[in-house]
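Presented below is the structure to which this report refers.
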Amino acid sequence: MRSVFADLHIHIGWANGRPVKITASRNLTLASLLQETAPLKGLDIIGVVDAGTTPVMTELMQMISAGELRTHPRGGFIAPNGVMLLAGCEVETREGIHVIIYLPDLDSLHKYQKYMRSRVKNQELSTQHCQASIVELMNLAHLLEGLFCPAHAFTPHKGFYGMLSPSFKSFLGRKASQIRALELGLSSDTDLADTINETRQFTFLSNSDAHSAGNVGREYNLLRVAELSFDEFRRAIYEEEGRRVLANYGMDPLLGKYHRSYCPHCELIVTEEAPVLRCPSCGNDKLVMGVYDRIVQIQDRSEPAHPVGRPPYHYRVPLISLPGVGPTTYGKMIRLLGNEIEILEKASPDDIARVAGENTAHLIMQMRVGRLPITPGGGGVYGKVQTSNCDQ
């Protein structure tokens, strides 16, 4: 068995000479992600969720033909540097929520494309609205021997809990028991999610939903697997024969840009006791509901009740987002100390202090054992680490 780091929700901007995800950087490509970004971040597995588009499929096949990727006999795609590409397809269901279907190989991707041909308007672009329900897409994932995962489940924009329903069971009935993986999203964490009874059945994933190279790995997971393959990833989600998610590493929910409710009329991020459903300043009841406010509204208990074996959730701030870490310091740290995860998780405080200064070393050590003080985000604006209140 080995322990590997995985970010399983990444968008590329460009493939085979064409745009794939309009809001993603065109400089983030399959090649740059595999050869440059993943090693820089310290990731062993990258989940590209645009793999169901025609440009990405074409480029995948070209890279395999050129020897830049090889197919694993038990699913997944392996680069010469050892990084595994996990093929995912993010799509918007008929109900309006985002889900990801992870698929093992080219054959299943071709069958996915064939299914979507009459159900989406444009197969060249990622995350399209499709004429298929949640249940129909769950069935598709099962037929293709893939894995179904609701994406950023608590966010107000396209998250199941955030904008559709307070319960999978009430919405899907017995079908809900077939869902095993759940992506928390940037504004939630394990403690918040486990105040809802039905989440006990889910394996939580913390992923970046990155649209640029800089945001890759801002959230990640530690998996215990026997090898890098789709089959081992699936077994880790189902906790089979010792495979499992060992830990989730994610941004503090306070940093999330949808953490608290927001009034678009007076541009106020609320601070009152949750849930806030009406603007305390102007009385507007058309708020963008924050993740925290929504969870408080639908939770079954005020304190989390973690199922036995729930992996720990470690709060992390991306290295470049730490106060005092500018591009020059960041580059020096990478050059002398290793990749980002190595620095955040393993580098000694003395080594960090020698390269980046005592304050940066202190912040990273404080982060490893707890939470940094945060000014909460909301209304599409990320929170920030407070520089004046960090323990010294």
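Numerical summary
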| item | result |
| --- | --- |
| Cα→Cβ-extended label distance, 7 Å offset, between ALA353 and GLU240, nm | 4.8 nm |
| MRE, 222 nm, helices only [DSSP H, n ≥ 4, -39500 (n - 2.57), over the chain, to nearest 500] | -7000 deg cm²/dmol |
| Listed residue (SER229, TYR315, TYR115) projecting farthest to the positive dipole end of the chain, Cβ model | TYR115 |
| Check: the chain dipole with +1 on Lys, Arg Cβ and -1 on Asp, Glu Cβ, in debye | 580 debye |
| Cα coordinate range in the range 292-367, projected on the principal axes (Å, largest first) | 47, 27, 18 |
| Rg followed by Dmax, in Å, when the range 14-91 is reduced to its Cα trace | 11.7, 34 |
| The range 265-282 - phi-based ³J(HN,Hα) in whole Hz, Karplus 6.51/-1.76/1.60, Gly and Pro as x | 6, 10, 6, 10, 8, 5, 10, 5, 4, 6, x, 9, 10, 9, 4, x, 9, 10 |
| Rg/Rh ratio calculated on Cα atoms of the range 151-234 (Kirkwood radius) | 0.99 |
| Förster radius 35 Å - calculated FRET efficiency between ASN139 and LEU277, Cβ distance, rounded to 0.05 | 0.45 |
| Given LYS21/LYS114; LYS111/LYS169; LYS175/LYS286, the pairs whose alpha carbons are separated by over 26 Å | LYS111/LYS169; LYS175/LYS286 |
| Per-bin percent of Cα-Cα distances, the chain [10 Å] | 5, 23, 33, 27, 11, 1, 0 |
| Virtual spin-label span in nm between GLU95 and ASN81, 7 Å along Cα→Cβ | 3.9 nm |
| Two-site FRET efficiency, GLN123 against GLN201, from Cβ-Cβ distance with R₀ of 35 Å, rounded to 0.05 | 0.60 |
| Amide H partners (placed H, <5 Å) of GLY42, local residues excluded | GLU340, ILE341 |
| Two-site label geometry, LYS286 and HIS306: point separation in nm, points 7 Å out along Cα→Cβ | 4.2 nm |
| Hz values of 3J(HN,Hα) by residue in the range 120-131 - Karplus curve (6.51, -1.76, 1.60), Gly and Pro given as x | 10, 7, 9, 7, 7, 10, 7, 6, 7, 5, 10, 8 |
| LEU268 long-range amide H proximity, modeled H, under 5 Å | CYS263 |
| Charged-residue dipole, Cβ positions (Lys, Arg, Asp, Glu), the range 116-224 about Cα centre, Debye nearest 20 | 380 debye |
| Which of ALA305, LEU372, ILE334, positive extreme of dipole for the range 237-392 (C-beta unit charges) | ILE334 |
| Table column - 3J(HN,Hα) (Hz), the range 46-52, Karplus curve with 6.51, -1.76, 1.60, x for Gly and Pro | 10, x, 8, 9, 10, 5, x |
| Stokes-Einstein D for the range 1-52, Kirkwood Rh over Cα pairs, 25 °C, 0.890 mPa s (µm²/s) | 214 µm²/s |
| Reference-scaled alpha-carbon Rg (2.2 N^0.38 Å with N residues) for the range 1-145 | 0.99 |
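Laboratory data are not the source of any read-out in this text; all were calculated from the coordinates shown. Just so we're clear, the structure is a prediction, and the values are computed from it rather than from any experiment. Quick reminder, even Gly has a Cβ in these numbers, built from the backbone with ideal geometry, and neighbours come from all protein chains shown.
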